[in-house]
1. Could you say which residue among 136, 132 is of a type in the set (Ser, Thr, Tyr), out of contact with any Lys or Arg (no Cβ under 8 Å at 6 or more places or on another chain) and closer than 24 Å to residue 214 by Cα?
2. Residue by residue through region 123-154, note down the ones that are of a type in the set (A, V, I, L, M) and in contact with a Gly (Cβ under 9 Å, 6 or more places away or on another chain).
3. What single numbered condition from (1) touching a strand residue (DSSP E or B) at 6+ places or on another chain (Cβ under 8 Å); (2) in a helix (DSSP H, G or I) fails to hold for residue 210?
4. If residue 8 satisfies all but one of (1) surrounded by fewer than 18 Cβ atoms within 10 Å (Cβ to Cβ); (2) more than 24 Å from residue 118 (Cβ to Cβ); (3) touching a residue at least 12 places away in the same chain (Cβ under 8 Å), what's the number of the condition it fails?
5. Go through the residues of region 155-163 one by one and say whether even a single one is more than 25 Å from residue 240 (Cβ to Cβ), surrounded by 15 or more Cβ atoms within 10 Å (Cβ to Cβ) and touching a Gly at 6+ places or on another chain (Cβ under 7 Å).
6. Could you tell me which residue of region 205-225 is surrounded by the most Cβ atoms within 10 Å (Cβ to Cβ), considering only residues that are under 20 Å from the mean Cα position of the chain (by Cα) and more than 20 Å from residue 41 (Cβ to Cβ)?
7. Give me the pairs: first residue in region 190-205 and assigned by TED's automatic domain parsing to the domain that holds residue 150, second residue at pLDDT 90 or above and β-branched (Val, Ile, Thr), beta-carbon distance under 7 Å, and six or more apart or on different chains, which are they?
8. I'm trying to understand the selection: among the residues of region 60-92, which are part of a helix (DSSP H, G or I) and loosely packed, with under 15 Cβ neighbours inside 10 Å?
Amino acid sequence: MTKRVQSIPARHYFAEHTHEWNQVVYAISGVLTVVADGRSFVISPEHAAWLSPGTVHRVGSFLGAEFRSLWLADAPGGPLCERSATVFGMSPFLKALILEASALDAATDSDGYFGRIYQLILDQLLRARPVSSALSWPQSATLSELCEALYNDPADPRGPKEWGVEFGMLGRTLARKFLADMGVTMRSWRRQLRLFRAIEFLENGMDVTRTAMELGYNSTSAFIYAFRSDMKLSPLAYMRKRSMPTI
């Protein structure tokens with residue numbers, strides 16, 4: 001296993017490339033944009049991206065991020081290996097393992113500790129499951145600017161008509177452009193955005209009521225209903241489940 005510890009400045013992207021090995025991309029802070037397998041999506045510190053060998057991809061960040069890359073000669077098997085690019089949830093244990101591996105030097109692994117950490121990482125990756133809450137991201141500059149603004153302020157109530165004025169186009173033109181680029185309507189994407197940011201807020205210790213306010217819901221109960229509809233459990237039940245170690 002080879003590892004890379006790196007910071008990436010805002011609005012910076014690595015050139016498109018491929019690897020001959022498996023790769024895990026994980027942001028310990030900030031948000032990464034990953035373009036791979038014909039898709040563009042963002043990952044927060046609650047998620048990571050799995051990239052199979054030969055997958056054409058590029059990684060960047062619109063706000064800046066600190067990230068870790070693991071290059072693995074071995075494939076763990078399981079659901080992650082079924083697609084060339086997969087977003088999966090990061091368990092607290094896997095986060096700790098990646099941070100530990102990043103601090104070690106495999107070349108001086110005289111007692112085999114690094115090798116044991118590597119095997120534990122493979123075991124955890126085998127148990128990892130793809131997430132449905134991954135947030136798709138546009139590749140066009142105009143829509144990226146729009147989505148970045150909504151990401152920073154998910155409570156912004158403006159729709160295609162108002163945003164069309166912002167970008168000098170008719171609202172229906174913007175709506176058609178959004179659907180063509182993203183494959184979903186702006187309304188549907190904003191629902192995905194709210195879920196994505198809800199998970200991010202909750203994982204960072206924000207309580208349910210404050211999370212509902214930050215996302216623009218009229219009430220806490222409305223937020224809980226929306227979260228339960230997508231995740232099949234309440235925000236508090238989700239956090240209890242996430243805090244349980246995966247071993």
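The values are calculated or read from the model by the stated rules, or taken from the named source; none is laboratory data. Note that the structure is predicted; figures quoted are calculated from it, not measured. In this analysis, Cβ positions are derived from the backbone assuming ideal geometry, glycine residues included, and neighbour counts consider all displayed protein chains.
1. Residue meeting the stated conditions: 132.
2. Answer for region 123-154, where residues must be of a type in the set (A, V, I, L, M) and in contact with a Gly (Cβ under 9 Å, 6 or more places away or on another chain): 125, 126, 128, 131.
3. Result: residue 210 fails condition (1) only.
4. Failing condition for residue 8: (1).
5. Yes, there is a match, as at least one residue in region 155-163 is more than 25 Å from residue 240 (Cβ to Cβ), surrounded by 15 or more Cβ atoms within 10 Å (Cβ to Cβ) and touching a Gly at 6+ places or on another chain (Cβ under 7 Å).
6. 211
7. What qualifies is 198/211; 201/211; 202/211.
8. 82, 92
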